[in-house]
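For reference, the structure discussed in these notes is given below.
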Amino acid sequence: MQQTKNKVEASNKIIPFIPEGDFYYMKGVKAFQKRKFEIAIKWLTKAIEATPDEPLYKCQMSIIYTEIGSFHKANQLLTNVLQTSGDKYIDCYYLLANNYAHLGLLHDAKKYALSYLNLAPKGDFREEAEDLLYFIEIDEEQDDDWDVEDEDELIIYQESAFYYMETMDWDNAIATLEEMLHLFPEHKTTKHEYAHALFFAGYQEDAIQMEQAHLKEEPNALFPHANLALFFYEMNDISEYEKHKRALLNVYPIHEQQKLKIAVTFARTACYSEALQRFKLVDKGIVRSHISFYRWYSLTLYMTGFEEKAIALWEEGCKKHQLLLQEKFPWEVYV
C-alpha cells in the first residue's frame, strides 16, 4: 500500500520545463513575422542570454534592428558574429553592407558588399549585393568632385538654405543659394535647390532651362527629373510631366533625403499611391527635421484613405515644428 502511494505521488510531481534558446528563438521569429518588433526583440534577447554562443540568434536580432532603423545596434551584433565565428556566417557581410548604405556610409557599404561577393559569389544575397554596388557606383559618379577647405562654412550655408526651402521662403532661399553657388560652384545639390526656388519664386522658364541643361550632362540624375516632373505638373504640361515621372518610378535611392525627394515629388503631383509606397521606405528618424516630410506625408495618408493616421502625423509634425501650427491641414490647402 505504501509503495502504491509513493508511485502516485511520483506521478503527480511536475517536472519544470526550462526553455532553451531555440524555444525563445522561435517565439521571436513568430513575433517578427507578425511585425511585432518589440516582442520579437524581447524573445531574441532571452534566446541570446540562454545560448550566448549561438550566432544565428544574433543574426536574427540584427535583422529586427535593421527593420526598425536601429542600424548601429544591428551592426554591433553582426560584427560580433564575424569576430567570434569567422566566415562561417557569410551573410553577415551583406547585412552589414545594407546597414551601412542606409547610414550613408557608402565606403563601408561597398567594402562589405565586395567581401560578400568574394566569399559567396553564388550566395543567397548575390543579386542584392550587386544591386547595392550598382547604386553606390551611380552615387559615386554623381558625387561632387570638389574639395572645400572650410567645410564649416558650407554647412552653415546648407542649414540656412535648408530652413528657407523647408519653409518655402523662396526669396531668402534664392539669396542664400546664390551665395553658395558663388562660393561653391561645383556643389551640385545647390544648383538643383536653386532651380527649385527660382521656379516657385516665379522664374519658371529659367528654372526649367537650368534643369534641362543638367539632364543633357547627366541623363540619369535624380534631382533634375524630380524638379522637372514637379515644374511641368504645375504648368499643366502633362506630357512632359509623365516623361519625367516615368524616369523616377524605377529609381530607389540609398540616401534618405533622396528617398524623401521622390516621395514628396509624387505627393505634390497627386500620385498618392506611389507617394505612399515611397514614404514608407523613408527612415522617419533621419528626416524628422524636414517639415516637408510631415506636410506631404500627412497629405498622402489622407488622400489614400488613412485619415486618422494623417491627422496623427500632422499633429506630431506640429509638435516638432511650431511653424506648422500656422498652417491649415495640407488636404485643405493642396487639393
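Just to be sure I understand, how many residues within the range 115-127 are in a helix (DSSP H, G or I) and surrounded by fewer than 15 Cβ atoms within 10 Å (Cβ to Cβ)?
Qualifying residue count, the range 115-127: 4.
Among the residues of the range 163-172, is there at least one that is of a type in the set (Val, Ile, Thr) and more than 27 Å from the chain's Cα centre (by Cα)? Looking through the range 163-172, none of the residues is of a type in the set (Val, Ile, Thr) and more than 27 Å from the chain's Cα centre (by Cα). Evaluate the range 237-250: report whether one residue or more is touching a residue at least 60 places away in the same chain (Cβ under 8 Å) and either among the hydrophobic types (A, V, I, L, M, F, W, C) or surrounded by fewer than 20 Cβ atoms within 10 Å (Cβ to Cβ) (or both). No; the residues of the range 237-250 include none that is touching a residue at least 60 places away in the same chain (Cβ under 8 Å) and either among the hydrophobic types (A, V, I, L, M, F, W, C) or surrounded by fewer than 20 Cβ atoms within 10 Å (Cβ to Cβ) (or both). Check the range 93-109 and report whether any residue there is hydroxyl-bearing (Ser, Thr, Tyr), modelled with pLDDT of 90 or more and either surrounded by fewer than 16 Cβ atoms within 10 Å (Cβ to Cβ) or over 30 Å from residue 134 (Cα atoms) (or both). So far as the range 93-109 goes, no, none of its residues is hydroxyl-bearing (Ser, Thr, Tyr), modelled with pLDDT of 90 or more and either surrounded by fewer than 16 Cβ atoms within 10 Å (Cβ to Cβ) or over 30 Å from residue 134 (Cα atoms) (or both).
Quick grid of which residues meet (1) among the polar types (S, T, N, Q); (2) open to solvent by less than 60 Å² (accessible area, probe 1.4 Å); (3) touching a Gly at 6+ places or on another chain (Cβ under 7 Å); (4) modelled with pLDDT under 90:
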position: 136; (1), (2), (3), (4): no, yes, no, yes
position: 146; (1), (2), (3), (4): no, no, no, yes
position: 149; (1), (2), (3), (4): no, no, no, yes
position: 161; (1), (2), (3), (4): no, yes, no, no
position: 179; (1), (2), (3), (4): no, no, no, no
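Picking from residues in the range 262-283 that are open to solvent by 30 Å² or more (accessible area, probe 1.4 Å) and over 11 Å from the mean Cα position of the chain (by Cα), the one that is nearest to residue 67 (Cα to Cα) is 277. Listed by first and then second residue, the pairs with beta-carbon distance under 8 Å, at least 6 apart or on different chains, first residue in the range 166-178 and closer than 17 Å to residue 261 by Cβ, second polar (S, T, N, Q) and surrounded by 15 or more Cβ atoms within 10 Å (Cβ to Cβ), are 166/292; 177/190. Taking (1) open to solvent by less than 40 Å² (accessible area, probe 1.4 Å); (2) at positive phi in turn, residue 305 satisfies each apart from (1).
The values are calculated or read from the model by the stated rules, or taken from the named source; none is laboratory data. Bear in mind that the values here come from a model prediction, so they are computed numbers and not experimental data. Positions of Cβ are backbone-derived with ideal geometry, glycine not excepted, and every protein chain shown enters the neighbour counts. Note: accessible area is taken over every heavy atom of the protein model, side chains too, but ligands, DNA and RNA are not part of it. Shrake-Rupley method; radii C 1.70, N 1.55, O 1.52, S 1.80 Å.
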